[in-house]
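Each remark here refers to the structure printed beneath this line.
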Amino acid sequence: MEYDVISVGEPVIDFVPVRTGDGLTYKAYPGGGAVNVLAEVSAMGGSARLLGVVGQDLFGDFLLEQVKNRGIDVSGIYRTADKNTGIGFVQLSPQGERSFLSYRNYETDTRLYSRQALETMGKCSVFHFTSVSLVGETQRRDTFEAAAKARQTGMISFDVNYREDMWGHPKEAKELFMDCIKKADIVKLSEEEKLFLCGEADHLAAARLLCQNQDKLILISMGALGSYYYYGGGEGICPAIPVTAKDTTGCGDAFTGALLANLVPWMKKGYRLADIPEPEIRKILTLANGAGSICATRYGSMSAMPYREEVERFITADPVNKRDSALCQGLKDITEEEGADRETVVILGAGLSGRGYLARQLDFEKHQLVFLDKDESLIHKLVADGHYRIEFFGQAREAIVMDGYKAFAVGTEEAKEQLRQASYLFICVGQENLEEASSYVGGILGDFDVRLKAVIAAENGVDNRKRMEKHLSLGKSLCTECLMLCTTIGREDTLDIWSEDMDYLPYDGDHFAGRLPFGHLVSCRRFDTLVRRKIYTYNALSACIAYLGAYKGYTDYSKAATDPEIFDITEELEGCLNQAVCREYQVEPQEQAAFSALAKKKFRNPYIKDTIARNARNVARKIAAGERIAEPLRLMQRFGIPAKALELTAAAAFLYGVRQEGMEEDFFVGRPEKQTADSVMNIYHLLKKGISIQDIFGNQK
């Protein structure tokens, strides 16, 4: 595998203070220099892998899930029982400057990765490390070993990141840092670190001392003033964009990640650092400074890393950059490669997910949003009202007003023209309608000279990309799919929507040739496996809550989820599902446990006002082969895993379908394995008699 940037380091938890009326509350944020840098690389559209170590504890589980959600390959992370995951408490000054009270044991010398992770490390354009991974002898050996392997295919980046409390002997640290600088191609340090290494020398003299006539890029961060650069093509200062800082944790990492991500394309073209034109270096540094400035306005570290679209919009809106015609023209090359006009993004399907989740992911300064739907009354209301609101359960964040969109009914000439003009098309119509919608699109576009860069299936289901490709003659590299994880609920008699506070949307990075330019859409490897894990974990647990809740007479979904009987059955089902998923898809148990725990947390959230009826509908589809109930049942039977909780769910679903949706009584027979089908039918007949689910479940265990 080949990556843009690989880094080595230890993920940590930063506890950031939040003032309350009677004291301080600390909120946990994932962090660590290597993690932050890679998160920004990923946010800029690059591919990233982390080699690191976390404890076998709750914080380690949390970090793995969060780091993976930022699009970083975590297969090189090593779990150890030798020490706990590192945590630290951040102290913030009124100006947002931070200091740390660390609870990491730096004297515990632990491996940073497994031998297998090193052997399968992959190629990279840049290998990045900091002095933090050099403190222990074992960690130092691991870092240098990984760097030596990476040197065979790419450049080395070193961030001095000197923390006096980690080093007993400053002289030893200085000698080690100078040796690392000698081996590195890209070196970043602060003004304080420049003084530590080079004395009172000015920036130019210090850079020359550090370069020693080698082809290097030296960067000295100057805080609010910007960054100094020195390399074979020139030297100078690239100013920062002033902001009011809330938390400067991670700003340097945001700078470094943006810098590396935007240097990589030049490296892939075969350029030496000294050969990159100075105006191009200044463009890259402007982006890096912008990333650092945005990061300073947010709390946290990894979670504060901004996406490319945010940085570009932030930079071009700055009045200083607007006055600098040369720089502005340079940035125009970066941000407007496709022309000055906004690109058209069509969402086919203006339902709750389409307009409530997908739509809010767009950058409206760069994209013109167009809704298409066959529900003419919905289109009429969208046009007549001209706007709608998205509010968040529990008022987790400020409401969003959606306006400036266009809307057309499917089948009209205007709708056909919008499809032909679209750069990106999301199809969000329900999996059962995906092929029909794809056929409609294919019939309009045909061999027409279209502008489409991507067609994205925005429905959860197995093989959605293949379903689309059958009807679209656009080439397989243009089709991909994303995994919808966000709950959206309509508000009665309005276009307004209640939404879960979630902006993470993974898409298939294995089959799609390009990069989707939407801030929260993250390229994901092993996407097919992720989809199946979601359906056989999230959806299976959801079915258990919905159908058992319906049997007990609940209408409110979260209340059913917290019913003591259903709660216990769901807990047992989760363990069985996790066993089946781990065995079938070779997933680490800790990773799967964290994944399913997020599902339970979501379902039991009292602020998410969902209904049993919405989650229980379309029984025939949900108990079909390969779906959320039948497929896990098949896996459990094959692996000898107890399946009584899921058999009870299947029987309750079947009963709901018979009573509410006119399903035939022999519908379920033969769908899972015969042995399982017989068990389901036995439980179904007990449920039909009105027997307590706890009595049935207890007798069946």
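Read the figures in this text as sums done on the coordinates, not as results from a lab. Nothing here was measured: the structure is a model prediction, and the numbers come from that model. Cβ coordinates were reconstructed from backbone atoms using ideal geometry, including for glycine residues, and neighbour counts include every protein chain displayed.
Observations
- Listing C295, C428, C180 from fewest to most neighbouring C-beta atoms within 10 Å gives C180, C428, C295.
- Along the axis of the charge dipole computed for the chain (Cβ charges of +1 for Lys and Arg, -1 for Asp and Glu, origin at the Cα centre), the listed residues G349, T110, N36 are led at the positive end by T110.
- Extension gain for the segment E413 to T244, taken as residue separation times 0.36 nm less the Cα-Cα distance, is 55.9 nm to one decimal.
- Considering only alpha-carbon pairs that sit under 8 angstrom and 6 or more positions apart, the relative contact order computed for the chain is 8 percent.
- Between F158, A643, W266, the Cα set farthest toward the positive side of the dipole of the chain (charges on each charged residue's Cβ, about the Cα centre) is that of A643.
- Sorted largest first, extent of segment 2-335 alpha carbons per principal axis (Å): 55, 52, 40
- Residues in segment 60-90 that a label on E119 would reach, taking backbone N under 20 Å of a point 7 Å out along Cα→Cβ: 74-80
- Sequence ranges 46-59, 185-198, ranked by mean other-Cβ count within 10 angstrom, highest first: 46-59, 185-198
- Each label was represented as a point 7 Å from its Cα along the Cα-to-Cβ direction; for H387 and A620 these points are 4.3 nm apart.
- Ordering of 371-383, 130-142 by burial proxy (mean other Cβ atoms within 10 Å per residue, highest first): 130-142, 371-383
- Shown is the FRET efficiency for E565 and R208, computed with R0 = 51 Å from the Cβ-Cβ distance and rounded to the nearest 0.05: 0.10.
- Environment charge at Q56 (Cβ cut-off 13 Å; Lys +1, Arg +1, Asp -1, Glu -1): -3
- Here the calculated FRET efficiency for F364 and D493, from their Cβ-Cβ distance with R0 = 30 Å, stands at 0.70, rounded to the nearest 0.05.
- Charge tally in the Cβ shell below 11 Å around A291, where Lys, Arg are +1 and Asp, Glu are -1, A291 excluded: -3
- Positive contributions from Lys and Arg (+1) and negative ones from Asp and Glu (-1), summed over other residues with Cβ under 10 Å from the Cβ of V5, come out at -1.
- For segment 528-700, the Cα gyration tensor yields ellipsoid semi-axes of 22, 20, 14 Å (square root of five times each eigenvalue, largest first, whole Å).
- Helix content alone sets the calculated 222 nm mean residue ellipticity of the chain: runs of n ≥ 4 DSSP H residues at -39500 (n - 2.57) each, divided across all residues, give -13000 deg cm²/dmol.
- Highest-first packing order for the peptide set 617-625, 35-43 is 35-43, 617-625, based on the mean count of other beta carbon atoms within 10 Å.
- q = 0.05, 0.08, 0.10, 0.11 Å⁻¹: log10 I(q)/I(0) that the Debye formula gives for the chain, counting C-alpha atoms only: -0.27, -0.69, -1.04, -1.22
- Three-way shape label, segment 343-525, alpha-carbon gyration tensor, a/c 1.5: oblate
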